[in-house]
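Read through the structure below, which is laid out as C-alpha cells, and then see the notes.
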Amino acid sequence: MNSTYINNTKQAEEALKQAEAKMNKRYRLGYHIMAPANWINDPNGLIQFKGEYHAFYQHHPYDENWGPMHWGHVKSKDLVHWEHCPIALAPGDACDLDGCFSGSAVDNNGELTLIYTGHHYIDQPNNIFFQNQNVAVSTDGIHFTKLAQNPVIAEPPTDSSQHFRDPKVWKHEDTWYMILGNSTKEDLPRVILYTSPDLRTWTYHGVLLQGDKNMGFMWECPDFFELNGKHIFMFSPQGIDAQGDKYNNLFQTGYYVGEYNYDSNEYQHGEFIELDNGHDFYAVQTFLDDQGRRIAIGWMDMWESDMPTKADGWSGALTIPRVITLGANNKLLMNPVEEMKLLRQSEHVLCQSSTICGSYLAEVEADLLEVKVVFDLTKSSADLVSLKLCGTGEEETVITYSILGQKLMLDCSISGKKTDGVRQTTLNAEGQLTLHVYLDRSSIEIFANEGEATMTSRIYLSEKLLGIELVSEGGEAIINELTYWKL
Ligand code: FRU
C-alpha cells in the first residue's frame, strides 16, 4: 500500500477526533448519515458487499468547508443503523493530488472496487483543473489500496471541456460499463461511455447522451440503471434556470425514463423530471440490493446554501435511504425503505377513522419523529389542508395541500430558511392525500401519496418541537388516520 496514503488517512482520523470533541451538537441528526465532524457532500460508492450495506461520501475531515476531498465511509446491516469506518480514500498521490472526487463501487468477485475521479488543479484561483479516473480495491471492505497503474483513464476525449468526473460503473453481461459526467468545449452537457473487461483497461465508446443549453452546462453524478424494463438516467445538472415551481434550487437532481440500446449506444427518453422538490437534495446515487430493491441516497444539502451548522464544526448529511419504483406515466416514486420502521420507539395513534378536523393540535415533544396523516379529500369541504410542525412559540414548518390547485407546498420560512423558504410542486391527489414525514433535528423529508412527490429540506429550529397541528381553510377536512412515532 502506498505510504503517503496511509499517512494521509491516519492524519485525517486524528483531525476528526479533535474536531468531534469541539463540536456543538445542537443540530446533529439522530438517524441520518453524517461525518463524525466537518464537511461532507455527495454519497459515493453505495453498495451491498458481503451482506453489509456500505456508503461512502465526499468528505473534508480538516474543515467544516469543502476542501481536498476524501472518501468517508459508513456501513450497516440494516440501512438505518450506521457504523463509522476509517476514511477509505485520502488524496495526495500522483493520481489524485488535489482530491478524490465522487464515484461508485462494484463487487468484482469479492474484491470491493472503488472507481473515483482524481482532481488536479492547474490554476486553483481561477478554478482551472484536470480530472482523471482511478481505482482502489479492498477485500475486507474497510482498507483500500489504490492501483499502481492509476489513473485508469488519464484524460477526457479531445472534444471535451475540463469537466470529466463522477464515474458510475455497472456490469452488463460480461462487460463493465462506465458513464462519466462531462461537457463539450462549447459547454454542452453530456454523459460519455467507456467499457472494460477487467475494470483496469477502459475503451472510449462515445457519447451516451448530450443535452442542449436548456439542460445546463454540466451533468454531475450520473447514474444509469434498469427498472421494470426501462432505462433510467439520473443526474444532477448544473445551470438550469428556474421555471415557475421547477428548478428552484441552485442545481437540480432529476431523471429521464427511456430505452437504451447497448449495441448502438442510443438512448431515447422522455422529459426531465426533478426527483425531489425540497430545498436540499442533490447528487443522488442508487444501488441494487440483494432483495432486488433499487435504493437511492442523496446529499441532503445544496451547494452555496446557508449551512448554520458550520458554526458548530460540521456540515452536510445524507438523506434516508429510499426505494425507487416506476409509477404510472413513467414517473419514479421514492419511498423510505421498510427498515426505517426499526427506528420506531413508540407509536401514538391519534385518530383512525373519519374524523372531522377544522383544527387539531396534538402535543408532541420530540425531535426525532415520523408522522403519517391521511386526508380523505372526497369528504372534505376545505380548499386547503395543512400539517404544521410547531415549536413552543411562533416557529413552525408547514406542509399545505391545495385541493383546488393540486399543489403541495412546504414552507420553512420561519424554521430556518428565512429567504426563499417555500417550495411547491404539482400533485394530483385523487381523493386521498397521505403525508408521510420524517423529522430529524435539522431536517424534514416528506413523502406524499406513496412517493408521488417528495420534498427534502434542512430546517434549523431554535425552539423545541412541541406539537403537530392539522388545519383546514375554506371548510372542514376529514382525516382517516393520524399517527406519529417517536424515533
Ligand atoms: C457534486 C460534485 C461532483 C464532484 C464532487 C466534488 O456535488 O461537484 O461533481 O465529484 O461534488 O466534491
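Apart from one condition, Gly141 fits all of (1) more than 14 Å from the ligand (Cβ to nearest atom); (2) open to solvent by less than 60 Å² (accessible area, probe 1.4 Å); (3) small (Gly, Ala, Ser); (4) without any contact (Cβ under 8 Å) to a residue 60 or more places away in the chain; the exception is (4). Counting just the residues of segment 395-420 that are more than 19 Å from Glu473 (Cβ to Cβ) and touching a residue at least 40 places away in the same chain (Cβ under 8 Å), which one comes out most open to solvent (accessible area, probe 1.4 Å)? Result: Asp420.
Quick grid of which residues meet (1) within 15 Å of Gly103 (Cα to Cα); (2) open to solvent by 20 Å² or more (accessible area, probe 1.4 Å); (3) touching a helix residue (DSSP H, G or I) at 6+ places or on another chain (Cβ under 7 Å):
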| site | (1), (2), (3) |
| --- | --- |
| Trp170 | yes, yes, no |
| Glu173 | no, yes, no |
| Tyr177 | yes, yes, no |
| Asn182 | yes, no, no |
| Glu186 | no, yes, no |
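For Tyr194, the conditions (1) in contact with a strand residue (DSSP E or B) (Cβ under 6 Å, 6 or more places away or on another chain); (2) open to solvent by less than 20 Å² (accessible area, probe 1.4 Å); (3) within 16 Å of the ligand (Cβ to nearest atom) all hold with the exception of (3).
Here segment 344-388 is the region considered, the condition is being at pLDDT below 85 and of a type outside the set (Gly, Ala, Ser), and the residue that is least open to solvent (accessible area, probe 1.4 Å) is Cys357. In segment 275-284, the condition of being surrounded by fewer than 24 Cβ atoms within 10 Å (Cβ to Cβ) and either without any contact (Cβ under 8 Å) to a residue 12 or more places away in the chain or more than 21 Å from the chain's Cα centre (by Cα) (or both) is met by no residue. Out of all the residues in segment 45-54, is one or more within 16 Å of the ligand (Cβ to nearest atom), at pLDDT 95 or above and under 15 Å from the mean Cα position of the chain (by Cα)? Yes, because at least one residue in segment 45-54 is within 16 Å of the ligand (Cβ to nearest atom), at pLDDT 95 or above and under 15 Å from the mean Cα position of the chain (by Cα). Evaluating Gly99 against the criteria (1) open to solvent by 10 Å² or more (accessible area, probe 1.4 Å); (2) at positive phi leaves one unmet condition, (1). When segment 81-96 is filtered for residues that are open to solvent by 50 Å² or more (accessible area, probe 1.4 Å) and over 16 Å from Lys146 (Cβ atoms), the ones remaining, listed by number, are His81, Trp82, Glu83, His84. Quick check, is Trp299 surrounded by 24 or more Cβ atoms within 10 Å (Cβ to Cβ), aromatic (Phe, Trp, Tyr) and within 27 Å of Val422 (Cβ to Cβ)? Criteria met by Trp299.
Confirm whether Gln11 is farther than 21 Å from Met300 by Cα and open to solvent by 40 Å² or more (accessible area, probe 1.4 Å). Judged against the criteria, Gln11 is a match. Mind counting the residues in segment 401-446 that are more than 21 Å from the chain's Cα centre (by Cα) and on the phi > 0 side of the Ramachandran plot? Of the residues in segment 401-446, 3 are more than 21 Å from the chain's Cα centre (by Cα) and on the phi > 0 side of the Ramachandran plot. Screening Asp159 with (1) within 16 Å of the ligand (Cβ to nearest atom); (2) open to solvent by 40 Å² or more (accessible area, probe 1.4 Å) gives one miss only, at (1). Contact map, segment 147-170: residues that are more than 23 Å from Pro237 (Cβ to Cβ) and small (Gly, Ala, Ser) paired with residues that are open to solvent by less than 60 Å² (accessible area, probe 1.4 Å) and at pLDDT 95 or above, Cβ distance under 7 Å, separation 6+ or inter-chain. Pairs shown: Ala154/Asn132. If you go through segment 292-321 and keep only what is charged (D, E, K, R) and outside any loop (DSSP other than H, G, I, E, B), you end up with Arg294, Lys310, Asp312. The residues in segment 423-444 that are of a type in the set (Gly, Ala, Ser) and surrounded by fewer than 21 Cβ atoms within 10 Å (Cβ to Cβ) can be counted, and the count is 2.
Every listed requirement among (1) surrounded by 16 or more Cβ atoms within 10 Å (Cβ to Cβ); (2) within 16 Å of the ligand (Cβ to nearest atom) is met by Asn65 save one, (1). Suppose the filter is free of Cβ contacts under 8 Å to residues at least 40 places away in the same chain, over 22 Å from Gly72 (Cβ atoms) and within 16 Å of the ligand (Cβ to nearest atom); does Asn127 pass it? Yes; evaluated as a whole, the condition is true for this residue.
Among the residues of segment 173-186, those that are of a type outside the set (A, V, I, L, M, F, W, C) and more than 15 Å from the ligand (Cβ to nearest atom) comprise Glu173, Asp174, Thr175, Tyr177, Thr184, Lys185, Glu186.
Looking across segment 97-122 at every residue that is of a type in the set (Gly, Ala, Ser) and closer than 12 Å to Ala136 by Cα, the one that is farthest from the ligand (Cβ to nearest atom) is identified as Ala105.
The values are calculated or read from the model by the stated rules, or taken from the named source; none is laboratory data. Being a predicted model, the structure only gives us computed values, none of them experimental. Positions of Cβ are backbone-derived with ideal geometry, glycine not excepted, and every protein chain shown enters the neighbour counts. All accessible areas refer to the heavy atoms of the entire protein, side chains included, with ligands and DNA or RNA removed. Shrake-Rupley method; radii C 1.70, N 1.55, O 1.52, S 1.80 Å.
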